[in-house]
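This report concerns only the one structure given below.
The values are calculated or read from the model by the stated rules, or taken from the named source; none is laboratory data. A quick note: this is a predicted structure, and the numbers were derived from the prediction, not measured. Here the Cβ is made from the backbone with ideal geometry for all residues, glycine too, and neighbour counts use every protein chain on show. Only protein heavy atoms, including side chains, enter the accessible area calculation; ligands, DNA and RNA are left aside. Shrake-Rupley method; radii C 1.70, N 1.55, O 1.52, S 1.80 Å.
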Amino acid sequence: AEIEIQFAKDRGGTFTDIYARCPGGKIRVMKLLSVDPSNYEDAPREGIRRILEEETGISMPISEPIDGEYIDWIRMGTTVATNALLERKGERMALIINKGFKDILFIGNQARPKIFDLKIETPQVLYEEVVEVDCRVVPALPGRGLLKNLDCGEWMKWKQVTGTTGEELFVCQELNELEIKNKLTELKERGINSIAVVLVHSYMYPEHELSVGSIARSVGFGHISLSHQVMPMVRIIPRGFTACADAYLTPHIKKYVSGFAAGFKNNLSGVNVLFMQSDGGLAPMDVFNGSRAILSGPAGGVVGYAVTTYKQQTDLPVI
């Protein structure tokens, strides 16, 4: 197409703002209600349709898929994940964790932001069920941790493995795949379609999480968040929180993204569509996920503010 327009959008809870850079440097801006079902299905898509129709002079009926050949790229920030988290409207999900650690994410790290409060309100957990998996690996640190209280002969029988960090570990309890399959099948039958798998030391020994993930896929779960893939970091509590947020929000995000793309010809195939992540970076539409989308909208504001004010008055960046 001779005309190719670049679109940047922020889809907020109340309003959607659209910024379009047209050929010849012309700039168009538009503001629409984010939810207005009597007039349109999706606000960002409607803004694109209106601007394309006006700039190309070609009629684009609201009932027909939009032709993406007039679009150079689309970049979007959205509070879809933020609002789903605040309003607790994410996907029904369950936590899969080592036996004995059932309540660890509910207990958390015991942080007390208001140290003198007499009425402590703990944050709600995102999962509605917990499945305990009887498997365990421990770091092979001589004389430390679990090993110092064990008879030498007992831990000498364990399989020794090398983790991704190069550290040695003992597998003191292997997975029972049949038991896990039965537990996950029961979970699926209760209507839960998304799970977060969070196992101890999985950031350096991911094999058990990968096994649980493949069993869950065979059972038919729609979404599986493995903590070592979502955030491969030491410390099970923050890793677990992030994996749960991912399992809770990603199906919601995917539903939104596919709904947005469905209003274009060929589902926007061939168009560079990027979504703003919480860190201010952009991610391609097909890999945009829940745990990295929570601050998508606000991050866009911070990036925009920093870029537009830098060196305006002084040579100093805005922090």
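Brief remarks follow.
- Only helical runs count toward this figure. For the chain, summing -39,500 (n - 2.57) over DSSP H runs of n ≥ 4 and dividing by all residues gives -9500 deg cm²/dmol at 222 nm.
- Only Lys, Arg, Asp and Glu carry charge here, each on its Cβ (+1 for the first two, -1 for the last two); on that basis the chain has a dipole of about 700 debye about its Cα centre.
- Computed from backbone phi with θ = phi - 60° and the Karplus coefficients 6.51, -1.76 and 1.60, the 3J(HN,Hα) list for segment 95-108 is 9, 10, 9, 4, 4, x, 10, 3, 9, 5, 7, 6, 5, x Hz; x is used for glycine and proline.
- Lys, Arg +1 and Asp, Glu -1 on Cβ, resulting dipole of segment 72-222 about Cα centre, debye, nearest 20: 320
- Out-of-range pairs (alpha-carbon distance over 29 Å; input K119/K255; K102/K157; K89/K119; K26/K89; K102/K188): K119/K255; K26/K89
- Computed in the context of the full set of protein chains, the accessible area of the chain at 1.4 Å probe radius has 53% of its extent on carbon or sulfur.
- Amide H contacts of I5 (H built 1.01 Å from N, under 5 Å, at least 5 apart or other chain): I71, D72
- Karplus 3J(HN,Hα) series, Hz, for segment 12-26 with 6.51 cos²θ - 1.76 cosθ + 1.60 (x for Gly, Pro): x, x, 9, 10, 10, 9, 10, 10, 10, 9, 9, x, x, x, 5
- Over all other residues within a Cβ to Cβ distance under 15 Å of Y70, the charged ones net out to -2, with Lys and Arg as +1 and Asp and Glu as -1.
- Cα gyration tensor shape of the chain, rounded if a/c is under 1.5, else prolate or oblate by comparing a/b with b/c: prolate
- When segment 213-319 is reduced to its Cα atoms, the Kirkwood hydrodynamic radius in Å: 16.1
- Helix 207-219 vs. the chain, principal-axis angle (Cα, 0 to 90°, nearest 10): 60
- Within straight-line reach of K181, meaning a Cα separation under 15 Å, sit the following aspartates and glutamates at least 8 residues removed in sequence or on another chain: E132, D134, E189, E209.
- In this calculation the C-beta distance from E128 to V287 is compared with R0 = 30 Å, giving a FRET efficiency of 0.65.
- Protection-proxy order for peptides 55-66, 84-95, 176-187, each taking the mean of Cβ atoms within 10 Å per residue, highest first: 84-95, 176-187, 55-66
- Residues of segment 48-95: accessible area per residue with a 1.4 Å probe, Å²: 46
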